[in-house]
Amino acid sequence: MKDRNQRSDESRRSFLKHSAIASSFFIVPRHILGGKGFTAPSDQLNIAAIGAGGKGRSDIRNASVGGRERVVALCDVDFTGNAKDSMKEFPKAKIYNDYRIMLEEESDIDAVTISTPDHVHGPAASFAMKRGIHVYVQKPMTHNIKEARMLTEMAREHKIVSQMGNQGGSNPLLGMVQGWIDSGKLGKISKVQVWTNRPVWPQGFAMPAPDPSQKPEDLSWDLWLGPAADRPYVPNIHPFNWRGWWDFGTGALGDVGCHLIDIPFRTLGLHYPKDAECSVGSVYTQMWNADYHPEGCPPSSFITLHFDATEKSQSPIEMTWSDGGIRPSHPEIIPADDDIGGANSANGVLIHGENGIISTNINDSSPLMPKLYMNDGSTEFGPEVEESDEPEYGHHRKWVDACKAGFGSKEHMGLTSSFDYAGPMTETVLMGNLAIRSYMLQKKDGNRPHFYARKKLLWDGDNMRITNIEDANQFVGRVHREGWEM
């Protein structure tokens, strides 16, 4: 049985074929009829947005490729924010609050951008993919490891062209970093350090008390909660500060881990980590007793992951992650006045080899700033100012082109963050969160808390299981509210 995209593609091809036959006695080039760059309606992709404000606004605009494609529907739980700007930009698009209704009613949708809070990524993508709709999903691909594995397998099963929104994966300057590694200049690579100044939102304290009286009139709170447990409206969570609460967000790792960890994961050809260990920053508002808020992310964390040797690393890799503004010490071979990573050393990656170090910035839409420092004092630097002919390195446009070319096409296989790659990489990023949440597990020993999972967690990546602390496995997935299952 053919899926809906195959039928749609065949219908359009049939239209073009019969149009060509009908006009065979007088053929006029399309660019003359429609102007330079004109795309016939039969060649346009029908795209919808799930999440039309915030990052969703630029995602749907970039996916429209300057109006080359047709935006047919916009879905958001609150059109009073800058989602209303998407409405102005695409005035012919139909408006919805519930993506489930939109995807059921709009049967001609070919592809969707998904730019919601993290907890909705998996259910929304799953709902679309089961209907044969191609998906562009913001980073992190999902809220948890199990959802990432499910979407990866689902994309193959339903022949979905997928792309995660870590646009830096399409940055051509990554080729410079890849070249340094592939050339063997660094020798054996054994250590990677990754860090960020995030969180830059409120985090590390108790969740604010619910107050339904403060709910904005136009916000559909139940739809915003989606797969999360039902609760009364909590002020100041929407539209951005949800990131620091586990029911909705994935903390600093979820915000920028897929931009930063992507660099070593991609260039070193890494796979699932073997283990994860962490420590977190504590806040004391009373003597001797650290505040305990397991419902939210900590103010800072330090994660250690270990990977088996790869063809490119030649030796096992230790990767460390630190957030909350905690960064690595300045390596001896990098001049003291040089930033490590990006500007002010706020975010970055250091890849350590026996012969030198690669330093890069975060790879979102910031300049990558790749730098190679060798032990012999030689250096090689990439540009600090990047020029790109397309928004976000053409990450959206390449996905759109792959959707039109079809599953398995060279355009599809050329995508830098299809789920075949983005799934395992996202799982690696989210291993850090699994470690953080396990770190907060406690049992009472009399009146004193016993944090029994503050150990190295041994990870069986193929089977998605912590093998030495069973309770830690509760954080591999999550329970979805009825009506929002995957």
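The values are calculated or read from the model by the stated rules, or taken from the named source; none is laboratory data. Just so we're clear, the structure is a prediction, and the values are computed from it rather than from any experiment. Here the Cβ positions follow ideal geometry from the backbone for every residue, glycine too, while neighbour counts run over all protein chains shown.
Residues to consider are 320, 267; find the one that is surrounded by 15 or more Cβ atoms within 10 Å (Cβ to Cβ) and under 22 Å from residue 383 (Cα atoms). So that I can check it myself, show each step before the final result.
Details: 320 fails: under 22 Å from residue 383 (Cα atoms).
Of 320, 267, the one residue that is surrounded by 15 or more Cβ atoms within 10 Å (Cβ to Cβ) and under 22 Å from residue 383 (Cα atoms) is 267.
Looking at 184, 175, just one residue is in a helix (DSSP H, G or I), in the same structural domain as residue 300 (by TED's automatic domain parsing) and out of contact with any helix residue (DSSP H, G or I) (no Cβ under 8 Å at 6 or more places or on another chain), and that residue is 175.
Of the residues in the stretch 310-330, how many are of a type in the set (D, E, K, R) and modelled with pLDDT of 95 or more? It would help to see each step written out before you state the result.
Step one: of the stretch 310-330, the residues of a type in the set (D, E, K, R) are 311-312, 318, 323, 327.
Retained after the next criterion (residues that are modelled with pLDDT of 95 or more): 318, 323, 327.
Here the count works out to 3.
Please verify whether the stretch 239-256 includes one or more residues that are within 19 Å of the chain's Cα centre (by Cα), aromatic (Phe, Trp, Tyr) and at pLDDT below 95. Let's see the steps before the verdict.
Residues of the stretch 239-256 that are within 19 Å of the chain's Cα centre (by Cα), as a first pass: 239-256.
Right, trim to aromatic (Phe, Trp, Tyr) and you get 240, 242, 245-246, 248.
Next, only the ones that are at pLDDT below 95 stay: 240.
Yes: one or more hits.
For the condition in contact with a Pro (Cβ under 7 Å, 6 or more places away or on another chain) and either at pLDDT 95 or above or crowded, with 16+ Cβ neighbours inside 10 Å (or both), what is the one hit in 362, 333, 351? Show your work before the answer.
Numbers: 362 fails: in contact with a Pro (Cβ under 7 Å, 6 or more places away or on another chain); 333 fails: in contact with a Pro (Cβ under 7 Å, 6 or more places away or on another chain).
Checking each option against the conditions leaves just 351.
The residue that is surrounded by the fewest Cβ atoms within 10 Å (Cβ to Cβ), counting only those in the stretch 198-228 that are within 27 Å of the chain's Cα centre (by Cα) and in a helix (DSSP H, G or I), is 222. Look at residue 301 and say whether it is surrounded by 14 or more Cβ atoms within 10 Å (Cβ to Cβ), touching a helix residue (DSSP H, G or I) at 6+ places or on another chain (Cβ under 6 Å) and under 17 Å from residue 193 (Cα atoms). For residue 301, the condition - surrounded by 14 or more Cβ atoms within 10 Å (Cβ to Cβ), touching a helix residue (DSSP H, G or I) at 6+ places or on another chain (Cβ under 6 Å) and under 17 Å from residue 193 (Cα atoms) - is met.
Looking only at residues that are of a type in the set (D, E, K, R) and under 22 Å from the mean Cα position of the chain (by Cα) in the stretch 466-486, which one is surrounded by the most Cβ atoms within 10 Å (Cβ to Cβ)? If you could, list the steps in order and put the result at the bottom.
Residues of the stretch 466-486 that are of a type in the set (D, E, K, R), as a first pass: 470-471, 478, 481-482, 485.
From the residues that got through so far, the ones that are under 22 Å from the mean Cα position of the chain (by Cα) too are 478, 485.
On the way: 478: 20, 485: 11.
By that ranking, first place goes to 478.
Residue 64 falls short on exactly one of the conditions (1) more than 26 Å from residue 227 (Cβ to Cβ); (2) over 23 Å from the mean Cα position of the chain (by Cα), and that condition is (2).
If the requirement is being out of contact with any Asp or Glu (no Cβ under 8 Å at 6 or more places or on another chain) and surrounded by 14 or more Cβ atoms within 10 Å (Cβ to Cβ), which of these qualifies: 396, 412, 450? Let's see the steps before the verdict.
Numbers: 396 fails: out of contact with any Asp or Glu (no Cβ under 8 Å at 6 or more places or on another chain); 450 fails: surrounded by 14 or more Cβ atoms within 10 Å (Cβ to Cβ).
It is 412.
The set of residues in the stretch 444-468 that are free of Cβ contacts under 8 Å to residues at least 12 places away in the same chain and either in a strand (DSSP E or B) or among the hydrophobic types (A, V, I, L, M, F, W, C) (or both) comprises 444, 445, 448, 450, 460, 465.
List the helices (runs of 4 or more DSSP H) inside the stretch 35-130, counting only whole elements, that have at least 1 residues being in contact (Cβ under 8 Å) with a residue 24 or more places away in the chain and β-branched (Val, Ile, Thr).
55-63, 118-129
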